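Only one structure is covered here, and it is reproduced in the block below.
The values are calculated or read from the model by the stated rules, or taken from the named source; none is laboratory data. What you see is a predicted model; the values in this text were computed from it and never measured. Reconstructed Cβ throughout: ideal geometry from the backbone, glycine too, with neighbour counts over all protein chains shown.
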Amino acid sequence: MFSDLRDLESGSTLETDVCIVGAGPAGISMAMALAGTRTRVLLLESGGFEFEPDTQDLYDGETAGLPYFDLTAARLRYFGGTSGHWDNWCNQMTGIDFRRRDWVPHSGWPIGESDLEPYYARARPICGLDRHRPLEAIWNSLRVDPLPLDPAHLDYRFWEFAGPVRFGEAYRQPLKDAPNVRVLLHANVVNVQTDPEGGAVTRLDLRTLEGKTATVTAQSYVLACGGIENARLLLASNSVESTGVGNRHDLVGRYFQEHILDVLGTVVTDDPLAMIERFGSTWLGKHGYTAGIMMSEAAQEREQVLNCSVMMRYSASGDAVKTMKRLQNQVKAGRLPDNLAAGVWNIVQDLDMFAYNVYRRKMLGLPVLPKPEDLQAISFVCHNEQAPNPDSRVTLTGDRDRFGMQRVRLDWRTGELDKRTVMRHARALGAEFSRTGAGIFRIEPWVEDESMSWSPRMEGGYHHMGTTRMAADPRQGVVDGDCQVHGVRNLYIAGSSVFPTGGNINPTLTIVALALRLADHLKDADAA
Amino acid sequence: MKRRSFLKFSATVTGLGLAAGARPGAAAGIASPAAGQATGPLLPSLDAMRRIGRLHLDARPDEIDAARALRTRIDAAGGLDRVVLRRVLGEDMRRNLDQHDVVTIEGWVLPRALVRVCAAVAVA
């Protein structure tokens with residue numbers, strides 16, 4: 001059922017078994033996993049069903065260090081969370097992402113790939129993805145021969161995507177129907193209160209923007225507010241311990257990581273279509289694939305670098321491709337195309353390419369290609385894992401939001417290993433393109449620059465990771481392998497803030513898998 | 001180095017020649033890598049090699065002596081003849097690429113042997 005804190009009597013006390021704070025992909029996945037069980041679930045959401053500027057403003061904060069997105073634009077604060085602007089690019093982390101790597105300080109998860117494997121299988125349909133398929137099967141479906149990369153240096157991995165799953169829309173009705181789940185909207189958690197020893201949470205304090213208050217008591221509490229807000233809530237809840245909840249070792253907010261995205265370089269090739277066929281995005285039914293090239297695990301170890309992947313982008317000026325897409329969309333929409341004569345003329349001028357593209361679309365179900373002479377550039381964009389860095393962090397500022405909660409400062413920093421990874425990957429890419437005869441690669445000047453500078457185009461992927469990192473040792477991490485906050489027996493954290501390292505792939509599938517695993521853990525604890 | 005001259009350069013260094021391909025656009029110069037590789041590694045023009053060599057030696061002046069020594073060997077073998085240069089380079093380039101032993105010149109990723117020979121061509 002859904003209810004709204006604005007409609008409750010001020011000063012109410014709500015009692016439940018599991019209280020989940022935040023209705024994004026992590027929180028909703030947990031609530032869905034617990035739906036239909038005997039466990040009473042209260043899912044708290046700061047916003048409503050739609051975007052509300054006043055609620056979104058609660059995310060406002062400062063950025064320092066590397067340039068970063070406006071914090072009010074980097075996430076969404078309403079039911080469904082940041083899945084509201086998610087592109088749904090996914091894949092699973094692999095073995096090396098979980099292992100401790102001697103050459104990557106602070107690396108290593110307390111759980112392994114095998115611990116998450118069954119949860120990835122359950123997370124895939126929640127994220128709209130088909131079952132996991134091996135590389136060879138995907139290449140066969142795409143009808144493309146992969147470039148024969150040397151696995152001593154480079155390997156392939158695919159990004160997968162489906163039509164974006166807006167969690168707030170997709171799972172609204174099932175949660176409404178779940179008899180044991182209550183979703184409370186416009187419920188802003190402003191304090192996590194612990195007992196005097198700081199060893200257990202005793203209640204959550206809630207407020208609405210209109211001034212209503214409430215408290216929640218539960219057997220277990222789960223923070224699922226995102227990689228920045230989880231840290232903020234712990235740090236700001238400092239009435240018992242001045243450093244905040246779960247922060248006895250000064251780790252909350254530290255190790256903030258992103259995926260570093262930037263153009264590594266461009267390739268000069270006399271077979272651009274082959275390049276685009278191999279590395280362009282392709283839909284197979286409702287499931288899309290884009291091939292990425294990553295440094296192989298052997299190369300990462302040999303070169304002492306992080307996990308990095310690249311994907312291709314191209315720009316073309318061809319009128320025929322644009323015209324055909326526009327005509328197709330108009331016909332599909334049941335409209336007589338605008339400017340039909342001009343459109344047909346564009347296609348007739350490019351008849352050979354048009355015929356080939358019709359063959360590709362209609363017979364093979366593959367995307368259209370641009371004319372080779374219309375191509376302006378084929379570039380490769382990196383998607384880098386970032387080395388965990390304790391100085392890259394989220395802290396609180398003196399500014400306060402409407403509830404009096406301190407706002408955040410995000411100080412995103414990178415290090416020498418991050419830059420070296422980019423450089424080594426670019427050179428390996430160039431060497432393999434030449435070796436296989438695919439073309440010659442030109443690395444962007446910023447990559448070769450041995451200073452720590454990045455290009456002005458460098459940006460993150462809206463992936464906020466690491467601020468409540470997972471580690472078996474309380475001196476190394478905020479949560480343990482079960483996502484329980486060290487030293488606080490009934491407090492758990494869901495979301496990418498628990499990632500000790502971020503791999504080279506978008507985090508949402510792993511966020512959902514971890515949330516399902518945590519739900520199982522709470523079910524087991526309840527049964528015991 | 002201009003992009004246009006490097007386009008020609010890339011076609012020769014990588015061995016991608018002009019050949020017929022299965023797709024439309026073949027007439028515009030689309031070749032399959034396998035067909036191109038069969039022609040073996042060719043060479044850019046001597047002017048292009050001099051330019052690459054100068055850029056490399058500007059960045060690595062410590063390699064001038066090695067470049068001069070290699071130039072002496074090339075001259076002894078018959079001078080700046082394309083057949084000789086190809087013989088000097090041939091397998092070394094392939095081995096460099098297999099081992100990812102590359103040098104970047106203005107961002108272009110090139111096999112080390114090629115850059116060394118270019119440096120030898122550049123020293124007077």
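Does A:Phe380 satisfy the condition of being among the aromatic types (Phe, Trp, Tyr) and within 14 Å of another protein chain (Cβ to nearest Cβ)?
It is true that A:Phe380 is among the aromatic types (Phe, Trp, Tyr) and within 14 Å of another protein chain (Cβ to nearest Cβ).
Working carefully through the options A:Gly460, A:Gly495, find the one that is in contact (Cβ under 8 Å) with a residue 40 or more places away in the chain, surrounded by fewer than 21 Cβ atoms within 10 Å (Cβ to Cβ) and either more than 24 Å from A:Asp150 (Cβ to Cβ) or away from chain B (no Cβ under 14 Å) (or both).
A:Gly460
List the number of the failed condition for A:Ser83; all other conditions in (1) closer than 13 Å to A:Leu509 by Cα; (2) touching a Lys or Arg at 6+ places or on another chain (Cβ under 6 Å); (3) at pLDDT 95 or above hold.
(3)
Yes or no: segment A:460-475 includes at least one residue that is at pLDDT below 95 and out of contact with any Asp or Glu (no Cβ under 7 Å at 6 or more places or on another chain).
yes
Restricting attention to segment A:89-100, report how many residues are surrounded by fewer than 20 Cβ atoms within 10 Å (Cβ to Cβ) and over 15 Å from A:Tyr120 (Cα atoms).
Selection size over segment A:89-100: 2.
Please find, among B:Gly17, B:Gly25, the residue that is at pLDDT below 80 and surrounded by 18 or more Cβ atoms within 10 Å (Cβ to Cβ).
B:Gly25
Pairs only if they're at least six apart or on different chains, beta carbon under 7 angstrom, first in segment A:424-449 and more than 14 Å from B:Met93 (Cβ to Cβ) and within 7 Å of chain B (Cβ to nearest Cβ), second in a helix (DSSP H, G or I) and hydroxyl-bearing (Ser, Thr, Tyr); list them, first residue then second.
If the second residue must be in a helix (DSSP H, G or I) and hydroxyl-bearing (Ser, Thr, Tyr), the pairs left are A:Gly439/B:Ser10.
What about B:Arg71, is it in contact (Cβ under 8 Å) with a residue 24 or more places away in the chain, in a helix (DSSP H, G or I), within 14 Å of the chain's Cα centre (by Cα) and more than 14 Å from every other protein chain (Cβ to nearest Cβ)?
no
Show me the helices (runs of 4 or more DSSP H) found entirely inside segment A:80-174 where at least 2 residues are of a type in the set (A, V, I, L, M, F, W, C) and within 23 Å of A:Gly280 (Cβ to Cβ).
A:135-142
On the given criteria, is A:Tyr119 farther than 13 Å from A:Leu509 by Cβ, among the hydroxyl-bearing types (Ser, Thr, Tyr) and modelled with pLDDT of 95 or more?
no
Mind listing whichever residues of segment A:261-281 are touching a Gly at 6+ places or on another chain (Cβ under 7 Å) and closer than 18 Å to A:Asn506 by Cβ?
A:Leu261, A:Ser281
Take segment B:45-91 and flag every residue that is small (Gly, Ala, Ser) and more than 16 Å from B:Leu114 (Cβ to Cβ).
B:Ala69, B:Ala76, B:Ala77, B:Gly78, B:Gly79
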